[in-house]
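Structure record follows, encoded as structure tokens.
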Number of protein chains: 2
Amino acid sequence: MPSISPSLSAAMVHAASSVVETMERILPKSEFAEQKLFDAMRYSVLGGGKRLRPFLVLNTAQIFGVDEDCALRAAAAIECLHCYSLVHDDLPAMDNSELRRGQPTVHIKFDEATAVLAGDALLTIAFEILADPRTHEDPNVRCALVATLARASGANGMIGGQMLDLIAETTALDIGAITRLQRMKTGELIACSTEMGGLLGKASPQHLAALRAYAHDLGLAFQIIDDLLDAEGTPEETGKPTGRDEKAGKATFVTILGADRARHQAKLLSEQAIQHLSVFEGRAKNLEDVARFVVDRKA
Amino acid sequence: MPSISPSLSAAMVHAASSVVETMERILPKSEFAEQKLFDAMRYSVLGGGKRLRPFLVLNTAQIFGVDEDCALRAAAAIECLHCYSLVHDDLPAMDNSELRRGQPTVHIKFDEATAVLAGDALLTIAFEILADPRTHEDPNVRCALVATLARASGANGMIGGQMLDLIAETTALDIGAITRLQRMKTGELIACSTEMGGLLGKASPQHLAALRAYAHDLGLAFQIIDDLLDAEGTPEETGKPTGRDEKAGKATFVTILGADRARHQAKLLSEQAIQHLSVFEGRAKNLEDVARFVVDRKA
């Protein structure tokens, strides 16, 4: 597996900096006492990260020739939503993590109440951004974006997956249950990223189905590598605590399949993801590259 | 001040039972392990309450002849959002309340992690409901509903108000700052309820402005009475702990104005709210009655 290609690397840096700039512009500022809330929101979203979901929105939208400013707003919305999920996931009652991307988590840097509220506010602003006419001139598209993001991140998607993840700490899950858990917890939002790019570009049902299939395989590959990094990486490499799944006695792809089979499975999924993109006849080069990157990453 | 009129009482009972039935139908069910999440969502929203916000949506929509099924969906959305805010507000890191409407709060009945996730899921489903074509056939209306709810409940609205409320525990606020806090924390969502009714009915800007003015006065009157109930009520009467503001040394309308002036102020606001409805020439009778009820309530 080759390491990250120079053109993908440049595209990822460009996507990350553009979406950070967009979020910086959109997020609220205040001179009033509640400024602490806004500071916590900014701390959460502007603190780095791979910006995988914005990258997927932007590079899918590009296939269909979507205006970049519109795509950037949708990308900012899904990144705000992703960041809220991290803030709440890190809370003492949840994963109780003190470190994220090598920095103190929001409840450590601020306090727990502020972290709850900042997460709530990031979730809320995601929908406010999508409903705004500046995101797309067609209100049907904007409603579809809101509905798609809400479904992917709600009780039958990401949040349901997080609930299952908590249950997995005390209940033995088999490989089928873990696959379902991870599809909900991580996969749905990754699939939503490509779907939003397609919706912005009024993609055909056939193209939307291909994007969904691509993203589901990509999401699963991504998660398997996450589990491998937790099992084999160090906090210095990954920027977050490692070895937590094993300590918690939690069943993951790695504990069930073993590291070698898990890595092999991730590579197969990555190749399969790329095959789904064949309908775009070479116009989805960055999406192909990112599927290779995801299984090759070290953090 | 007369006690609640029979016709208002019947209208409130009807609104409450219809919206509960709607939420019961809309909220997700599951046979899978994540069912606990869905149980917690249902426990939170189906556990009673005045259903003031749904009542305002339904009775405002009625002025404009909106289809009741559409109005009920919008009412269910804002009630889900209101309930999420209660679940998160009750968390140990926030108000640390063990009792709500005379019942254990969600984190006591379930656990803290489930309460965080159930709140997140209720917030998310509110937007999913509004973006659905069954809520209104015109996608412009649906986008306006999403945007209005997001603004009212976000960092510059309800959540910002909750942040200020936390700050008020350690910082002395004057009457201006408290009015702003309460307008954000409670008033914005109450105003949003009437605005959503107006948006569903494609109300004129003049009518929307009248509804907003009505709701802002109503919201402030509502909050003053809330403070009075906390200062003077008992847990048996109100169904929640009382005397908490004084114990926390928190400035409220009552601690600053004194009980008598606070009660007088609430009555003035209620009368003023009713005056704003004169543009509807008697077609907003239930909204008038609820403004009288709000300052007369005992819980």
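The values are calculated or read from the model by the stated rules, or taken from the named source; none is laboratory data. All figures in this text were calculated on a predicted structure; none of them were measured in a lab. So basically every Cβ, Gly included, is an ideal-geometry build from the backbone, and we count neighbours across all protein chains shown.
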Report summary line: Contact list, first residue from region B:41-59 and under 15 Å from B:His14 (Cβ atoms), second anywhere and aromatic (Phe, Trp, Tyr), beta-carbon distance below 9 Å, six or more apart or interchain, is B:Leu52/B:Phe222
Query raised in the report: Hey, B:Glu236 hits all of (1) over 30 Å from B:His207 (Cα atoms); (2) touching an Asp or Glu at 6+ places or on another chain (Cβ under 8 Å); (3) in a helix (DSSP H, G or I) but one; which does it fall short on?
Result: (2)
Report summary line: Within region B:81-102, the residues that are closer than 14 Å to B:Gly48 by Cβ and either acidic (Asp, Glu) or touching a residue at least 60 places away in the same chain (Cβ under 8 Å) (or both) are B:His82, B:Leu99, B:Arg100, B:Arg101, B:Gly102
Requested in this report: Only residues in region B:119-142 that are within 15 Å of A:Leu123 (Cβ to Cβ) count as the first member; pair them with residues that are of a type in the set (Phe, Trp, Tyr) and surrounded by 24 or more Cβ atoms within 10 Å (Cβ to Cβ), Cβ under 6 angstrom, at least 6 apart or cross-chain, and list the lot.
Outcome: B:Gly119/B:Tyr84; B:Leu122/B:Tyr84; B:Leu123/B:Tyr84; B:Phe127/A:Phe127
Query raised in the report: Can B:Asp67 be described as at pLDDT 95 or above and within 25 Å of A:Leu164 (Cβ to Cβ)?
Result: no
Query raised in the report: Looking at (1) away from chain A (no Cβ under 11 Å); (2) at pLDDT below 95, can you tell me which one B:Ser44 breaks?
Result: (2)
Requested in this report: Any chance you could count how many residues in region B:106-161 are in contact with a His (Cβ under 8 Å, 6 or more places away or on another chain) and closer than 30 Å to A:Glu31 by Cα?
Outcome: 4
Query raised in the report: What's the number of the condition B:Asp69 fails, among (1) more than 14 Å from chain A (Cβ to nearest Cβ); (2) surrounded by fewer than 24 Cβ atoms within 10 Å (Cβ to Cβ); (3) part of a helix (DSSP H, G or I); (4) under 19 Å from the mean Cα position of the chain (by Cα)?
Result: (4)
Query raised in the report: So how many residues does region B:19-44 have that are surrounded by 19 or more Cβ atoms within 10 Å (Cβ to Cβ) and in contact with a Leu (Cβ under 8 Å, 6 or more places away or on another chain)?
Result: 10
Requested in this report: Can you tell me which residue within region B:82-125, out of those that are part of a loop (DSSP other than H, G, I, E, B) and within 17 Å of the chain's Cα centre (by Cα), is farthest from the other protein chains (Cβ to nearest Cβ)?
Outcome: B:Arg101
Requested in this report: Only residues that are within 30 Å of A:Ala251 (Cα to Cα), assigned to a loop (DSSP other than H, G, I, E, B) and facing chain B (nearest Cβ under 7 Å): list them for region A:126-167, please.
Outcome: A:Gly154, A:Ala155, A:Asn156
Query raised in the report: Just for region A:26-54: of the residues that are under 21 Å from the mean Cα position of the chain (by Cα) and among the basic types (Lys, Arg), which one is nearest to A:Ala74 (Cα to Cα)?
Result: A:Arg53
Query - Selection within region A:168-203 - assigned to a loop (DSSP other than H, G, I, E, B) and of a type in the set (Lys, Arg) - result: A:Lys202
Query raised in the report: Listed residues B:Arg292, B:Arg263; which is of a type in the set (Lys, Arg) and free of Cβ contacts under 8 Å to residues at least 40 places away in the same chain?
Result: B:Arg263
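Results for (1) of a type outside the set (Asp, Glu); (2) more than 20 Å from B:Val294 (Cβ to Cβ); (3) surrounded by 21 or more Cβ atoms within 10 Å (Cβ to Cβ); (4) without any contact (Cβ under 8 Å) to a residue 12 or more places away in the chain, shown as yes or no for each residue.
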residue	(1), (2), (3), (4)
B:Thr194	yes, no, yes, no
B:Ser204	yes, yes, no, yes
B:Gly239	yes, no, no, no
B:Gln272	yes, no, no, no
B:Gln275	yes, no, no, yes
